[in-house]
1. Take LEU19 and decide whether it is touching a helix residue (DSSP H, G or I) at 6+ places or on another chain (Cβ under 8 Å), at pLDDT below 95 and either assigned to a helix (DSSP H, G or I) or among the hydrophobic types (A, V, I, L, M, F, W, C) (or both).
2. Residue check: is LEU19 surrounded by 14 or more Cβ atoms within 10 Å (Cβ to Cβ) and out of contact with any Phe, Trp or Tyr (no Cβ under 7 Å at 6 or more places or on another chain)?
3. Among residues belonging to region 95-121 that are more than 21 Å from the chain's Cα centre (by Cα) and assigned to a loop (DSSP other than H, G, I, E, B), point out the one that is modelled with the highest pLDDT.
4. Answer with yes or no whether VAL124 is closer than 22 Å to MET49 by Cα, assigned to a helix (DSSP H, G or I) and of a type in the set (A, V, I, L, M, F, W, C).
5. Given (1) surrounded by fewer than 15 Cβ atoms within 10 Å (Cβ to Cβ); (2) in contact with a Phe, Trp or Tyr (Cβ under 6 Å, 6 or more places away or on another chain); (3) hydroxyl-bearing (Ser, Thr, Tyr), where does SER72 come up short, assuming only one miss?
6. Find the residue count for region 50-74, including only residues that are of a type outside the set (Val, Ile, Thr) and under 11 Å from the mean Cα position of the chain (by Cα).
7. Looking at SER62, SER139 in this structure, which one is out of contact with any Leu (no Cβ under 9 Å at 6 or more places or on another chain) and under 26 Å from ALA23 (Cβ atoms)?
Amino acid sequence: MQNARMVERFRPILAAPVLRWVALLGLCAAYLQGGFDRAAEFSDAIAEMNHFGLSPAAPLASVTIVVDIVASILILAGVYRWLGALALASFTFFATFVANRSWEMARVERFTGTNLFLEHLGLVGGFLLVAWYDFRERSHASDPSSTP
């Protein structure tokens, strides 16, 4: 009973479309910034790929830029949101194992490295939830038995 009252009290705020969009922007912010920064300083993006031993560096840097920006736009625009979310979840999962190998770090660095690793896994979970909710909304919208 108390839970139902609290839900009704906060519904206007938490169910507002603008809050959902701001939350999605928060999830995508680092990817947008990273994509635009890599595009602006492409030589640095290539150096980043080389630093992590990824080859061929220029094509991988280009793919990273495209995934960061296009997937974020899909999520924010709500067009193929599930696809953008799955793309960033997959990209982040892969990148986490390339860039945040805390188990290989010196003891002093391991604490920070482990936190970064787990934070990125949290982002993966957030993007998977975005995809899940988008699938759920679309399946309810296309199911004639779900409308009253």
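1. yes
2. Working: surrounded by 14 or more Cβ atoms within 10 Å (Cβ to Cβ): no; out of contact with any Phe, Trp or Tyr (no Cβ under 7 Å at 6 or more places or on another chain): yes.
The answer is no for LEU19.
3. Top of the filtered list is ALA106.
4. Taking the combined requirement at face value, the residue satisfies it.
5. Failed condition: (1).
6. Kept after step one, since they are of a type outside the set (Val, Ile, Thr), are these residues of region 50-74: 50-62, 68, 71-72, 74.
Next, only the ones that are under 11 Å from the mean Cα position of the chain (by Cα) stay: 68, 71-72.
Number satisfying all stated conditions: 3.
7. When all the criteria are applied, what remains is SER139.
Rundown of residues vs (1) in a loop (DSSP other than H, G, I, E, B); (2) more than 24 Å from GLU137 (Cα to Cα); (3) at pLDDT below 95; (4) not charged (D, E, K, R), yes/no style:
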| residue | (1), (2), (3), (4) |
| --- | --- |
| LEU25 | no, no, no, yes |
| CYS28 | no, no, no, yes |
| GLY34 | no, yes, no, yes |
| ASP37 | no, yes, no, no |
| ALA45 | no, yes, no, yes |
| PRO59 | no, yes, no, yes |
| THR64 | no, yes, no, yes |
| ILE75 | no, no, no, yes |
| GLY84 | no, no, no, yes |
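The values are calculated or read from the model by the stated rules, or taken from the named source; none is laboratory data. Not measured: the values here are computed from a predicted model. Backbone-built Cβ (ideal geometry, glycine too); neighbour counts: all protein chains shown.
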